[in-house]
Amino acid sequence: MSRRFTPKVVTANALIEGDVVYLTEDDRWSRHHHEAELIEDEAHAQMRLLSAQAQHLLVVGAYLADAKAGPNGPEPTHFRETFRTRGPSNYAHGKQAKTPKDGPHV
Amino acid sequence: MYKYNDFDEAFVRTRVAQFSQQVARRIDGSLTEDEFKPLRLMNGLYLQLHAYMLRVAIPYGTLDSRKMRQLAHIADTWDKGYGHFTTRQNIQYNWPKLSDVPAILGALADVEMHAIQTSGNTVRNVTADHFAGAAADEIADPRPYAELLRQWSTDHPEFQFLPRKFKIAITGAPNDRAVTKAHDIGLRMVTNAAGEPGFEVIVGGGLGRTPLIGQTVREFLPEADLLPYVEAVLSVYNLLGRRDNKFKARIKITLHETGKEELSRMIEERFEEIRGSFSGADQALLEEIRAAFAPPAFKTAPTDAHYAAQARDPAYRAWADTNLARHRNADYAIVTVSLKAHGATPGDASSAQMRVLAELAETYGHDELRISHEQNVILPHVHKGDLPAVHAALKAAGLATANVGLISDIIACPGMDYCSLATARSIPIATQIAERFKELDLEHEIGPMKIKISGCINACGHHHVGHIGILGLDRAGVENYQITLGGDGTETASIGEKAGPGFAYDEVVPAIERLISAYLETRLEPAETFLAAFRRLGPAPFKAALYPEEGNRNAA
Ligand code: SF4
């Protein structure tokens, strides 16, 4: 039996300003991890990644990141991805500088 | 200060124009990211965790007030009001927008700066002793040679596709402040029996995955032979260097696999072949360059103010003790401005601080500034009579921290707060150590101490050559920090030894504290530094301090 597939989200950086973005189920790029589509199937994950990589007018560096379901939507499981939802720890820059929900979609 | 010649100017402007078009074509979709990525990297533009990052070269770490003000202007206009100085004597902007990068490069070109060859498999920014042209122990200013090497290597057709990146460091003094033994080529100025200046040529040093101290392939190279010899090293490397395996592609591996004797023989052979083709034009150019680096007109004035301030003001005295170095002119001092205020990010300077530094350089420092690989800023030529005024201005700008060379003067790479290659954070480890030892009020008691932190195996934070090195790793999805002991980046270079198992994020500061207590208990006298004590005693007492539970287990 094959190993259980770890759920994924598709993440990337916005092309112009580089902010971290996540692919949603309805094909938008959200600034919020919890709005991402949680992908539980490997083949579907590859499809979604390909479709993300094709959107090179909007994003750069798309990849699949491990995630898990949470009460408000998908949550990161690795600290690197947690940091990406916030910004650096030495200044209140990046996402943490903005109040949640205010970020425009790409 | 050295001025670009017309060729340089035209070259940089052309590159800016080309890159502007490439950015426009990336944004309108005519270039894919796969096509664009090598182009942006050639222009110093990286994609990091939270944003793009633009890496700007500061050749041999030298700036003047005009350049520094422009760096401040860029930080304010297109970034978040600060810049990060790195161990490569570069400045990095952490938040540029892709669409603004052409304008930034244009603004850099206005002050003869650029971001070319800060990436890729080329000869990178040549780094130099940050006290160049000022140090009392210097044989000659190394920067004219660094500039000669820069001009020769920039866009050199033979060396644009080396097996891997190539770093050259140069120092004009026997005391090595440029970590020459950890570079692909290290050039250390020495004199021969006749008193003539030349270079000890060290090849194959490097940190990263396989840390190695370079080996001397030539004890004494006459200065006139510098360019043909360096070209010989590069062309032998270009031929032998492995292109099949990225991790084995640096010249340090070539040296290891070929052997020093055979490599030296091949270099000498190639050198003899090409030497004749260097018609002396390089020497004429060197003379020209040297004129541009002529020392400033040092003034003669009373120095009393400095001594009076030292006698009167303990804060000034502490700063003078740690942050001043001996200048070749006895009435002058070299000022190291610490970018390591306790709790602040090592190497970061706000635009306001950059402007203060520019102003001070202009008013009191013969308009010269340097960036050190230790992530501090140097005012290389300050008359002693002006030091109290300089100190006061620095203090007002939050730049008078008296900690150069002490435990809080930590090198830390950006780590996982910014860098996409990182396996753990480094900045918060640095700030926590600095704050803890400030709280303990121990740093002057501890004395000379170099802690260096990297956020991954690439070792941009030089952790292998830290007296205490800290390497951040990802162990099964948790940040974990490996400690190395006894590293040294100077002329007595050594690679630190791994102490043992790594520490969790919140265990690092207590571990360092135990280490320091062990040192304070075992040193023979206050003058015996941590490194000296480590060399005398070996790792045992320090390991015992780091892993007390092991001792307990053995005793049980
Ligand atoms: S050492 Fe690693 S984490 Fe630190 S800057 Fe270099 S590549 Fe990034």
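The values are calculated or read from the model by the stated rules, or taken from the named source; none is laboratory data. From a predicted model like this one, the values you see are computed outputs, not experimental measurements. Cβ atoms come from the backbone with ideal geometry, glycine included; neighbour counts cover every protein chain shown.
Would you point out the residue of segment A:68-96, among those that are among the small types (Gly, Ala, Ser) and facing chain B (nearest Cβ under 9 Å), that is surrounded by the most Cβ atoms within 10 Å (Cβ to Cβ)? Step through it out loud before you land on a result.
Here is the first cut: in segment A:68-96, the residues among the small types (Gly, Ala, Ser) are A:69-70, A:73, A:87, A:89, A:92, A:94.
If we keep only those that are facing chain B (nearest Cβ under 9 Å) as well, we get A:87, A:89, A:94.
Numbers: A:87: 22, A:89: 16, A:94: 24.
Within segment A:68-96, the match that is surrounded by the most Cβ atoms within 10 Å (Cβ to Cβ) is A:94.
Looking at segment B:86-98, which of its residues are within 13 Å of another protein chain (Cβ to nearest Cβ) and outside any strand (DSSP E or B)?
Going through segment B:86-98, the residues within 13 Å of another protein chain (Cβ to nearest Cβ) turn out to be B:92-98.
If the condition is that a residue be within 13 Å of another protein chain (Cβ to nearest Cβ) and outside any strand (DSSP E or B), then B:94, B:95, B:96, B:97, B:98 are the ones that fit.
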Response to the item:
So, first residue away from chain B (no Cβ under 14 Å) in segment A:41-61, second residue part of a loop (DSSP other than H, G, I, E, B), Cβ within less than 6 Å, six or more apart or across chains; the pairs are A:42/A:5
Discussion item. I want to confirm something. Restricting to segment B:334-350 and keeping residues that are farther than 13 Å from residue B:132 by Cα and among the aliphatic types (A, V, I, L, M), which single residue is surrounded by the most Cβ atoms within 10 Å (Cβ to Cβ)?
Written reply: B:349
Worksheet, complete the sentence: So, first residue within 17 Å of residue B:251 (Cβ to Cβ) and in the same structural domain as residue B:252 (by TED's automatic domain parsing) in segment B:153-172, second residue in a helix (DSSP H, G or I) and β-branched (Val, Ile, Thr), Cβ within less than 6 Å, six or more apart or across chains; the pairs are B:169/B:180
Discussion item. Here is a list: A:48, A:84. Which entry is of a type outside the set (A, V, I, L, M) and more than 30 Å from residue B:101 (Cα to Cα)?
Written reply: A:48
Item to complete: Give segment B:414-457 a look and list any residue that's β-branched (Val, Ile, Thr), more than 9 Å from every other protein chain (Cβ to nearest Cβ) and within 16 Å of the ligand (Cβ to nearest atom), or say none.
Response: B:429, B:451, B:453, B:457
Worksheet item: In segment B:48-85, how many are within 26 Å of residue B:177 (Cβ to Cβ) and in a strand (DSSP E or B)?
Response: 9
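Here is a yes/no grid of residues against (1) more than 25 Å from residue B:26 (Cβ to Cβ); (2) within 16 Å of the ligand (Cβ to nearest atom); (3) of a type in the set (A, V, I, L, M); (4) surrounded by 19 or more Cβ atoms within 10 Å (Cβ to Cβ):
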position: B:66; (1), (2), (3), (4): yes, no, no, no
position: B:69; (1), (2), (3), (4): yes, no, no, yes
position: B:74; (1), (2), (3), (4): no, no, yes, yes
position: B:77; (1), (2), (3), (4): no, no, no, no
position: B:82; (1), (2), (3), (4): yes, no, no, yes
position: B:85; (1), (2), (3), (4): yes, yes, no, yes
position: B:90; (1), (2), (3), (4): no, yes, no, yes
position: B:93; (1), (2), (3), (4): no, yes, no, yes
position: B:101; (1), (2), (3), (4): no, no, yes, yes
Response to the item:
Going through segment B:459-489 in order, the residues found to be more than 14 Å from chain A (Cβ to nearest Cβ) and either surrounded by fewer than 17 Cβ atoms within 10 Å (Cβ to Cβ) or not in a strand (DSSP E or B) (or both) are B:459, B:460, B:461, B:462, B:463, B:464, B:465, B:466, B:467, B:486, B:487, B:489
Worksheet item: Quick check, is residue B:204 more than 29 Å from residue B:325 (Cβ to Cβ), in contact (Cβ under 8 Å) with a residue 60 or more places away in the chain and not assigned by TED's automatic domain parsing to the domain that holds residue B:472?
Response: no
Worksheet, complete the sentence: Note on segment A:1-55: residues more than 22 Å from residue A:86 (Cβ to Cβ) and basic (Lys, Arg) are A:3, A:4, A:48
Item to complete: Among the numbered conditions (1) outside any helix (DSSP H, G or I); (2) of a type outside the set (Gly, Ala, Ser); (3) touching a residue at least 24 places away in the same chain (Cβ under 8 Å), tell me where residue B:492 comes up short.
Response: (3)
Discussion item. Any residue that is assigned to a strand (DSSP E or B), farther than 30 Å from residue B:102 by Cβ and of a type in the set (A, V, I, L, M) - is there at least one of those in segment A:5-28?
Written reply: yes
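Matching residues to (1) of a type in the set (A, V, I, L, M, F, W, C); (2) more than 30 Å from residue A:91 (Cα to Cα):
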| site | (1), (2) |
| --- | --- |
| B:292 | yes, yes |
| B:319 | yes, no |
| B:327 | no, yes |
| B:337 | yes, no |
| B:357 | yes, no |
Discussion item. Touching a residue at least 24 places away in the same chain (Cβ under 8 Å), out of contact with any Phe, Trp or Tyr (no Cβ under 9 Å at 6 or more places or on another chain) and more than 25 Å from residue B:214 (Cβ to Cβ): which single residue out of B:501, B:548 fits that description?
Written reply: B:548
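Can you name every one of the strands (runs of 3 or more DSSP E) wholly within segment B:142-248 that holds 1 or more residues which are of a type in the set (Phe, Trp, Tyr)? I'd like the intermediate steps shown before the answer.
Values: elements: B:168-171, B:185-191, B:197-203, B:215-222.
Once the strands (runs of 3 or more DSSP E) in segment B:142-248 are filtered for at least 1 residues that are of a type in the set (Phe, Trp, Tyr), what remains is B:197-203, B:215-222.
With the condition kept exactly as written, say whether any residue in segment B:289-310 is of a type in the set (Asp, Glu), more than 30 Å from residue B:240 (Cα to Cα) and assigned to a helix (DSSP H, G or I).
Here is the first cut: in segment B:289-310, the ones of a type in the set (Asp, Glu) are B:304.
Adding the requirement that they be more than 30 Å from residue B:240 (Cα to Cα) leaves B:304.
So of that shortlist, the ones also assigned to a helix (DSSP H, G or I) come out as B:304.
Yes, segment B:289-310 has at least one match.
Go through the residues of segment B:93-107 one by one and say whether even a single one is at pLDDT 95 or above and among the charged types (D, E, K, R). Lay out the reasoning, then the answer.
Let us first name the residues in segment B:93-107 that are at pLDDT 95 or above, namely B:93-107.
After this cut, where a residue has to be among the charged types (D, E, K, R) as well, the list is B:97, B:100.
Checking segment B:93-107: at least one residue is at pLDDT 95 or above and among the charged types (D, E, K, R).
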Worksheet entry | Top-ranked residue in segment B:490-510 [being hydrophobic (A, V, I, L, M, F, W, C) and in contact with a Pro (Cβ under 8 Å, 6 or more places away or on another chain); ranked as surrounded by the fewest Cβ atoms within 10 Å (Cβ to Cβ)] | B:495
Response to the item:
When (1) without any contact (Cβ under 8 Å) to a residue 40 or more places away in the chain; (2) part of a loop (DSSP other than H, G, I, E, B) are applied to residue B:526, the one that fails is (1)
Practice prompt. Say whether the condition of being of a type outside the set (Val, Ile, Thr) and within 14 Å of chain B (Cβ to nearest Cβ) is met by at least one residue in segment A:23-35.
Written response: yes
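Looking at this structure, is residue A:88 free of Cβ contacts under 8 Å to residues at least 12 places away in the same chain and over 11 Å from the mean Cα position of the chain (by Cα)? Steps first, answer last, please.
Numbers: free of Cβ contacts under 8 Å to residues at least 12 places away in the same chain: yes; over 11 Å from the mean Cα position of the chain (by Cα): yes.
Answer is yes for this residue.
Going through segment B:254-263 one residue at a time, which ones are over 27 Å from the mean Cα position of the chain (by Cα) and assigned to a helix (DSSP H, G or I)? If you could, list the steps in order and put the result at the bottom.
The first filter runs over segment B:254-263 and keeps only residues over 27 Å from the mean Cα position of the chain (by Cα), leaving B:257-259, B:261-263.
B:257, B:258, B:261, B:262, B:263, listed by residue number.
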